[in-house]
Structures are given as C-alpha cells and as structure tokens.
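Peer 1: So that we are looking at the same thing, I have put the structure below in structure tokens.
The values are calculated or read from the model by the stated rules, or taken from the named source; none is laboratory data. What you see is a predicted model, and the numbers here were worked out from it, not measured in a lab. Please note: Cβ atoms are built from the backbone with ideal geometry, for glycine as well, and neighbour counts cover all protein chains shown. Heavy atoms of the whole protein, side chains included, go into the accessibility calculation; ligands, DNA and RNA do not. Shrake-Rupley method; radii C 1.70, N 1.55, O 1.52, S 1.80 Å.
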Amino acid sequence: MDILAHLLPAGIAAHAPVLLVVIPLILAPIAALMPSGRIAWAISLLAAFLVAILALVLLGEVSQAGSVSYHLGGWAPPLGIEYRVDALNVPILLLVGFVGLLCTIYALPSVADEIEPGKQPMFYSAFLVCFTGLLGVTITGDAFNVFVFLEVSSLSTYALVAMGGGKDRRALTASYNYLILGTIGATFFVIGVGFLYMATGTLNMVDIARVLAEDGHSRVTEAAFAFIVVGLGLKAAMFPLHVWLPNAYAFAPNFVTAFLASTATKVAFYVLIRFLFSIFHPEVTFVAASFTWIFAVLGTVGMIVASAQAIFQTDPRRVLAYSSVAQVGYMMLGLGMGTKAGLSAGMLHLMNHAMMKGALFMALGAFALKFGVRSIASLNGLGRTMPVSASAFTISGLSLVGVPLTVGFTSKWYLILAALDRDWWWAVAALIASSLLALVYVGRMLMAIWMEEPPSHQGKAIAASTAPWAVVVPMSILALANVYFFFNADPLVHLANAAAEAVMGGR
Amino acid sequence: MLDILLERFNYIPIIILMMTGLYVVFATGNLVKRLVGLSLFQTSVFLLYITLAKVFGGQPPIIADAHGDDHGAAAAGHGAAEAVLYSNPLPHVLILTAIVVGVATLAVGLALVVRIREAYGSIEDEALNAADYSRDTGAAG
C-alpha cells in the first residue's frame, strides 16, 4: 500500500481528490471539439487512465491515514466544500475508475459500430461528463454537492441512453421515462437535503452528522430521511422504484449499458449507505426501523420478484437488467441487516456485481457486433461461432448465479453468514430461492449459447471468429476477475470490511 | 391547528405547487405537459429553499461598513456598534445552481420530446405504447 501512495509526485498527489473530478471534466469539452471519434476516444482513454491511477493513489493514502480531506479553494469546512475520501468511498472510486477504464477500451469498436461518425466526439464528451458526475458524487463531502454531481451524471446519462435511438426508437422513450423518474428522484433528494439544512444549518456531511448527534432528531429530520431514501432509491433502482431501469438498459448503446450497469446504480447505492450510516445513525429508532421494515423486506421481495420477471423476458439485455434490480435487492438486504457483517457483505456484492454485469453486457455487445442480439434465440450456438466471448459470458453468468469458484459465490456466502448471524432464516431461504431463479434465467441463455445449432448462412455454418481485441481484452479481464477474486478474495473482503468499519466503528 | 398553519403560511403555496406538479407528471399522457409538471415540481423546491432562508426582520446580507473608513465613516460608526440581523444568503446561492440544473433538465427533456415526435409522429403516451407494442408482442415486457 505504501507504493500506491507514492505513485505520483507529492505536489500532484496532494491535489489527487480534486484532480480526479477535474481531469474528466476538462477533457469532456476538448473531446467534443475533436474532428473524429478515434481522437475523442483516445482523450477519454487518457482521462479514464489518469482517474484509475489517482484512485489507486487515494487508496494508498487512505490505507495510511484513514481518511483524506481536501478543501476546495482552501476554504475550510464546514463553510467550504470538502472532498472527503475514506474507506467507504475509496472502493467505489476504484470501481468507477477501473470499470470506466475497461469500458472505455471496449468503447472503440462498440461505439464505432453503433453511433454515427459525426456524433461520436459528442458521445465521448457526454460519457466523460457522466464519468465526472459519478466520481464527484462519490468523492464529495458536501450534501448539496452530491445533488449537483448526481444531476451532472444523470443528465449526460439521459443523452447517452437516447443515443441508442439510431438503432431502436424505443431508446428515446426509455430515456424520456428515465429523465422523468430520475429528476423526481433528484428533486426528492434535494428536498431532503433542504430539510436537513433547515434542522442543522450546515451542508457538510460530517458537520450534519455532528449536529444531529448533538441535537437529536425531530420531525423535520425524519421527513428529510424519508425524502432522501425515496430519492436515492429511485436513482439506485431499488425495488419497487426500478421501473425506469429495464428499458434504459435494454435500448441504450451496448457500451453505455455495460458502463451504467456496473457503475451508476452502485454510486447511488453508495450515497444511500453514506446517508444512512454516516449522517443518520443506524441506532436511531426510525433509521433502525427502516432497515428492518423497508430495506430488508423490499430487498427480499425485490430479489425474488425481479428474478422471476427476468425469467419471462425474451431480450437478453432485459433479462440482465431485471437481474440487476434483483442484485440491488441483495445489497439492500445486506444493508438492512444493520450489522457490520451485513453491510460488508452488501459492499462486497456491490463490487462483485459490477464485475459480473460489466463482463456480461460486454459479451452481449460482442455478440451484437456480429449478430444483432434482440432475443435469446439469437444467441443460439454462439458458443461455437464466438467461443471467447461466449466463455466470458458463461463464466460471469455462472458468477451471477453464485456457482462456487466465482465471486458470486463469495459474496452470497458472506450474505448468508451475515443473515445467519442475525438469525434471519427467511433471508437465507430467499437468497437461495433467488439464486435458483437466477439459475433458470442464466441457464436459459447458456443453453441457447452452447446447446443449439450455430448460426448458418446459406446452409453453411458461419466460421468461428473472435471479437476485436478492444472488446476481448476488457471483457476477459472482467470475466477472469470473477474467478481470480474467488481464489484471492482477501483484497476485496478487506476493502468491504474496512468500508463497513469506517461507517459503523467498532459496532 | 389554524395557528400552526398561519404561522407557517409561506409553506402552504409551496406544498400546493409541489403536489400540483407531481400530480401533473403522473396524470397526463402528454410528454410536454409532463415536463411542465416536472418544472413546476422543481420550482416549488426552489421556493422551499428561498423561504427557509428568510429571517423575519432580517436585512439583506450586505456588510455596509466593510470598507467604510473614508467616505462612510458615520455609517461605520453605528453599524459596527449594533449587531445586524441578516437573512441567510446561502440557500439563494444553492438554488441558483439548482435552477441551472432545472433548466438543463427541461432542455434535455424537450430535446428528447422533439426526437420522439420525429420517430413516432406523436407525443401522447398511449400512441407511443401502441406504436411499439401492438405489432411485435414479443418485445413487450
């Protein structure tokens, strides 16, 4: 960890928290001005690479110092805006940084295939703005700043999703519905922050927590809590606030889906954890009640119902989108346990799920480059036609089910242990039931890929081929990470435990 | 009960606007009207912030005697002596940002509606659903 902190010269490392947000933000308009998509892609790659390095530096600093506080413009908090990195958000920064890097590599062939050449520079620019927003939400220590960055990322996401409209016009309506619900969510969040400001007179997260601990809670802070939970629930696609998600994921360009599925809802979920655990205290009566009666219950219902819905979808991307809603249910359940083990298991599943879904959507994108994938039947026999992509799909699909030798097993195992710790047998039963449902919907796709006859052209089977390197490399890295982190689970488990420890202390 | 309401009369129009906006978003099938409702909803939140900044009897938060040592010596004399009650300026600044976000949201929303109109020839929710899901029921969720 020592090496990480010294990756960059001290003068730059001191400004790492703000550079993380500023670099993609400044490169976004530059990318928009570029004459061709390839140059804009190179700029995006540079931004994602630098962000990943900065996230590693911050990991090094956090593991040494516990937390890093950066005062914007030199104004000391609570008056000035503070960027704060601690053990809870450093895994999210790493996740967004590295998934962003891998997805950007993947973007080159995928975007060239799906987006008109004239629009590509603007497309990359919108992606960089979205990237900025997600990083900003994660790193900021100021409650109102969260809202601003949340909307920065959401607005660019609406544009990115709508870019799928060139191929399928339903992307436009999906994006519109996402815009309406996303804006309602953000507005609910900002109402909640307004109430918190009314009650505490401050917007700095640490300071709000301090004032709330001193002054206690009132009806105003309870209302703030309700608004914030609903608002962030919409953004994180918590069941039953997930209705915008399946269409947005199904009709967006493949690259956008792969990126969003592994970052956007995760970041919103992180903010939820931040508010529930660091700002509101999990031992306050109404917060504790919401854990048991809202998060655990809706999480359990969500993971069963959304998995069941996934079974009845015909479009593979919608199957995976509903599965994403179910996976958010697992995280909600972990959070709802209200224990350190539960939160840590939820965080672990959050990271693992990003790896699985990233690889799965990338593999679907690889199929789509050669064959238009619109139904499960169009996956028929691709195991023989595109063996590499199909293998990556299979590994991460099995991980999604939770088969041993993959990370999906690790995080479900920790979730079950945490549930047993609280004597929640029903939660264990629900976890197993949901995994069986996952076996059905993943199995259906895997059967099509491996058991059916390969696609043929005029009676002859199409020769086996591989996707371009820019697809194969990031997809394989994510798929192999699913296996690697099963055998070497310690780094991720350590990150998740440190995150839970950071917000829950010794409890 | 009435006393409580009268004491907080400033919140009543805000709540009415908020609920009207939210109701319009859910009740109408017209995509443009839905954006109108959304804007109304957001604007009510701006008012919520503005109203919580107001301090009864508070002055505008301008320090009159900050650099008054030469021309405003007399004003500085009594200004420094008595504490002045100020309204809180911070929520106004926050809402300035939120207004920008609101305008951007409306712009993106309207741009999407234009594209939807080009692709479907309609901006009514029912017509859009009928256009997409009547022919190929296979794609319906």
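Peer 1: Could you provide, to the nearest whole Å², the per residue accessible area of segment A:346-507 with probe 1.4 Å?
Peer 2: Details: 6680 Å² over 162 residues.
Result: 41 Å² of accessible area for each residue.
Peer 1: How far is helix A:490-504 tilted off the main Cα axis of chain A, in degrees rounded to 10, range 0 to 90?
Peer 2: That helix lies at roughly 30 degrees to the long axis.
Peer 1: Let me ask another. What shape does the protein assembly as shown take by its C-alpha gyration tensor, where a ≥ b ≥ c are the square roots of the eigenvalues and a/c under 1.5 counts as rounded, a/b above b/c as prolate, and the rest as oblate?
Peer 2: Prolate, since a/c reaches 1.5 and a/b exceeds b/c.
Peer 1: Angle, helix A:297-311 long axis vs. longest principal axis of chain A, Cα atoms, 0 to 90°, nearest 10?
Peer 2: It works out to around 10 degrees.
Peer 1: Out of segment A:300-406, which chymotrypsin sites (Phe, Trp or Tyr not before Pro) are coil in DSSP terms and have no more than 16 other C-beta atoms within 10 Å?
Peer 2: A:Phe312, A:Phe371
Peer 1: 7 Å from Cα along Cα→Cβ at both B:Ile62 and B:Asn10: what's the point-to-point distance in nm?
Peer 2: Rounded to a tenth, the inter-label distance reads 2.0 nm.
Peer 1: Using a 1.4 angstrom probe on the protein heavy atoms only, line up A:His457, A:His6 by accessible area, largest first.
Peer 2: A:His6, A:His457
Peer 1: Check which residues have an amide H placed less than 5 Å from A:Asp142's amide H, if you skip close sequence neighbours.
Peer 2: Counting only residues 5 or more places away or on other chains, the set is A:Glu82, A:Met205.
Peer 1: Collect residues whose amide H, placed 1.01 Å from N in the peptide plane, falls under 5 Å from the amide H of A:Ala87; neighbours closer than 5 in sequence don't count.
Peer 2: Distant-sequence amide H within range of A:Ala87: zero hits.
Peer 1: Using r as the Cβ-Cβ distance of A:Ile311 and A:Leu46, and R0 as 45 Å, what FRET efficiency do you calculate, to the nearest 0.05?
Peer 2: According to the calculation, E is roughly 0.60.
Peer 1: Tell me the label-point distance for the pair A:Arg38, B:Asn129, using the 7 Å Cα-to-Cβ offset, in nm and rounded to one decimal.
Peer 2: Here the modelled spin labels are 4.7 nm apart.
Peer 1: What residues have an amide H closer than 5 Å to that of B:Asn30, excluding those fewer than 5 places away on the same chain, when H is modeled at 1.01 Å from N in the peptide plane?
Peer 2: Residues meeting the criterion, in which the H sits 1.01 Å from N, are B:Asp125.
Peer 1: Under the definition of Cα pairs under 8 Å and six or more residues apart, what whole-number percent is the relative contact order of chain A?
Peer 2: For chain A, the relative contact order is 14 percent.
Peer 1: For A:Trp425 and A:Ser378 in one chain, what is 0.36 nm times their gap in residues minus the Cα-Cα distance, to one decimal in nm?
Peer 2: Gain in length upon complete extension: 12.9 nm.
Peer 1: Could you compute the FRET efficiency for A:Ser391 and A:Ala76, with r as their C-beta to C-beta distance and R0 at 56 Å, rounded to 0.05? The partial results should precede the final answer.
Peer 2: Numbers: r = 53 Å, r/R0 = 0.95.
Rounded to the nearest 0.05, the efficiency is 0.55.
Peer 1: Moving on. Using the structure shown, select from A:Lys167/A:Lys460; A:Lys266/A:Lys370; A:Lys167/A:Lys235; A:Lys119/A:Lys357; A:Lys266/A:Lys357 the pairs with a Cα to Cα distance greater than 19 angstrom.
Peer 2: Correct reply: A:Lys167/A:Lys460; A:Lys266/A:Lys370; A:Lys167/A:Lys235; A:Lys119/A:Lys357.
Peer 1: So what is log10(I(q)/I(0)) for segment A:346-507 at q = 0.10, 0.12, 0.20 1/Å, when the Debye sum runs over its Cα atoms only?
Peer 2: -0.43, -0.58, -1.22
Peer 1: Pop a pseudo-label 7 angstrom from the Cα along the beta-carbon direction at both A:Ala289 and A:Arg219 and give the gap in nm to one decimal.
Peer 2: 1.5
Peer 1: Can you pull the mean other chain C-beta count within 10 Å for peptide B:101-113?
Peer 2: Values: counts 11, 4, 0, 3, 10, 2, 1, 10, 7, 0, 3, 13, 3.
For this peptide, the per-residue mean of nearby foreign Cβ atoms is 5.
Peer 1: Which chymotrypsin sites (Phe, Trp or Tyr not before Pro) from segment A:1-99 combine a DSSP loop assignment with at most 11 other Cβ atoms within 10 Å?
Peer 2: Here the chymotrypsin sites (Phe, Trp or Tyr not before Pro) that fit, given the DSSP loop and packing criteria, are A:Trp75.
Peer 1: Now for a different question. What does a probe at B:Ala111 reach in segment A:10-47, counting residues whose amide N is under 20 Å from the point 7 Å along Cα→Cβ?
Peer 2: From segment A:10-47, the list is A:24-38, A:40-41, A:44.
Peer 1: Another question, then. Using Cα atoms only, what is the angle between the long axis of helix A:120-139 and the major principal axis of chain A, expressed in degrees (0 to 90) to the nearest 10?
Peer 2: Orientation of helix A:120-139: about 40 degrees from the principal axis.
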